[in-house]
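A.B. asks: Right, I'll just put the structure down here and ask away after.
The values are calculated or read from the model by the stated rules, or taken from the named source; none is laboratory data. Computed from a predicted model, the values in this text were never measured in an experiment. Reconstructed Cβ throughout: ideal geometry from the backbone, glycine too, with neighbour counts over all protein chains shown. Calculation scope for accessible area: heavy atoms of the full protein, side chains included, ligands and nucleic acids excluded. Shrake-Rupley method; radii C 1.70, N 1.55, O 1.52, S 1.80 Å.
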Amino acid sequence: MKILVIEDERKLARFIKQGLEQNGHVADLTHSGSEGLDHLAGGLYDLVLLDLMLPGQTGFEVLQNLRAFGLMVPVMILSALSDPEKVVQGLDLGAVDYLRKPFDFNELLARIRVLQRRTTTSDNVVLRVADLEMQLVSHAVLKNNVTLELTNREFALLELLMRRAGQLITKNEIAEKVWSADYDMGSNVIEVHIYQLRKKLDAIGTTGLIETLIGRGYRLKTT
């Protein structure tokens, strides 16, 4: 998942980002409500982890503005406020979950997995293109029961390509969905990851699946 963390305690925010990325997610950090809304208006996110006691706009105001702007991204509140009225207020404003601080990071990951299962229908728990099978819940890629070993970033890149199989995906789209907001568009990181992914696909006998459209982007062949 691509996750936006809106948390003004910078040490905690960095800890959350590091933990998310170690577990296969892509995470961006913002430290105020206004900054978070700017990111959400300009990027695609699968989940927001939202503190309530933020400078400028509170987390409650962020939730109100999100819905007013028609942005329906799921929001999980992470807050030290434990008053049941605050919990109810956050959920009534559209949050899908509320985790009290301090929290165990494994519990946070478990709750994220629950949200993933809620938003993953039976039709897309497993993606299939050509002779590849991607199991989203177990985070595995198989060809004829042979497992393809991928890094977290390679998995996210291949998932995007498989979800959009047969369609052109631009470098900008890949950067937005698979990399964080501070990605340098002048770098060749995407090209390097495409090269490494191709090598791994070639090694299991799936050759020529990723097509480069010079100056435009990439496309995953469907046959």
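A.B. asks: Which percent of the accessible heavy-atom area of the chain goes to carbon and sulfur, probe 1.4 angstrom?
C.D. replies: Details: 5650 of 11390 Å².
Result for the chain: 50 percent of the exposed heavy-atom area is carbon or sulfur.
A.B. asks: At most 16 other Cβ atoms within 10 Å and a DSSP loop assignment: could you name the chymotrypsin sites (Phe, Trp or Tyr not before Pro) in the stretch 80-120 that fit?
C.D. replies: 103
A.B. asks: Label points 7 Å out from Cα along the Cβ direction at residue 152 and residue 211: separation in nm?
C.D. replies: Between residue 152 and residue 211, the simple spin-label model gives 3.3 nm.
A.B. asks: Which residues make up the longest stretch of the chain that has no trypsin sites (Lys or Arg not before Pro) in a DSSP loop with at most 14 other Cβ atoms within 10 Å? Working shown, then result.
C.D. replies: Values: sites that count: 216, 221.
Looking at the chain, 1-215 is the longest stretch - no exposed trypsin sites (Lys or Arg not before Pro) with at most 14 other Cβ atoms within 10 Å.
A.B. asks: Further question on the same structure: Taking only protein heavy atoms into account and a 1.4 Å probe, give the accessible area per residue of the stretch 1-153 in Å².
C.D. replies: Per residue, the stretch 1-153 has an accessible area of 51 Å².
A.B. asks: Taking every DSSP beta bridge that has both residues in the chain, what percent is antiparallel when rounded to the nearest 5? Could the numbers behind the result be given before it?
C.D. replies: Details: 14 of 30 bridges.
Beta bridges within the chain, antiparallel portion: roughly 45 percent.
A.B. asks: How big is the equivalent ellipsoid of the stretch 1-102 along its three axes, where each semi-axis is √(5λ) from the Cα gyration tensor, reported in whole Å from largest to smallest?
C.D. replies: Output for the stretch 1-102: semi-axes of 19, 16, 13 Å.
A.B. asks: Tell me the relative contact order for the chain as a rounded percent, counting alpha carbon contacts under 8 Å between residues six or more apart. It would help to have the intermediate numbers written out before the result.
C.D. replies: On the way: 311 pairs, mean separation 33.6, N = 223.
Worked out over the chain, it gives 15 percent.
A.B. asks: What residue among 175, 13, 44 has its Cα farthest toward the positive end of the dipole of the chain, where the charges are +1 on Lys, Arg and -1 on Asp, Glu, each on the Cβ?
C.D. replies: 175
A.B. asks: Where in the chain are the DSSP H helices whose alpha-carbon span along the long axis reaches 15 Å or more and whose Kyte-Doolittle mean is at least -1.0? If you can, show how the numbers build up before the last one.
C.D. replies: Numbers: long enough: 10-22 (18 Å, -0.85); 105-119 (21 Å, -0.30); 152-163 (16 Å, 0.18); 189-203 (21 Å, -0.03).
Qualifying helices, which must be both long enough and hydrophobic enough, are 10-22, 105-119, 152-163, 189-203.
A.B. asks: While we're looking at this one, here's another question. If DNA, RNA and ligands are ignored and the probe is 1.4 Å, what is the ranking of 39, 25 by accessible area, most exposed first? Walk me through the numbers on the way to the answer.
C.D. replies: Numbers: 39 50, 25 25 Å².
Largest accessible area first, the list is 39, 25.
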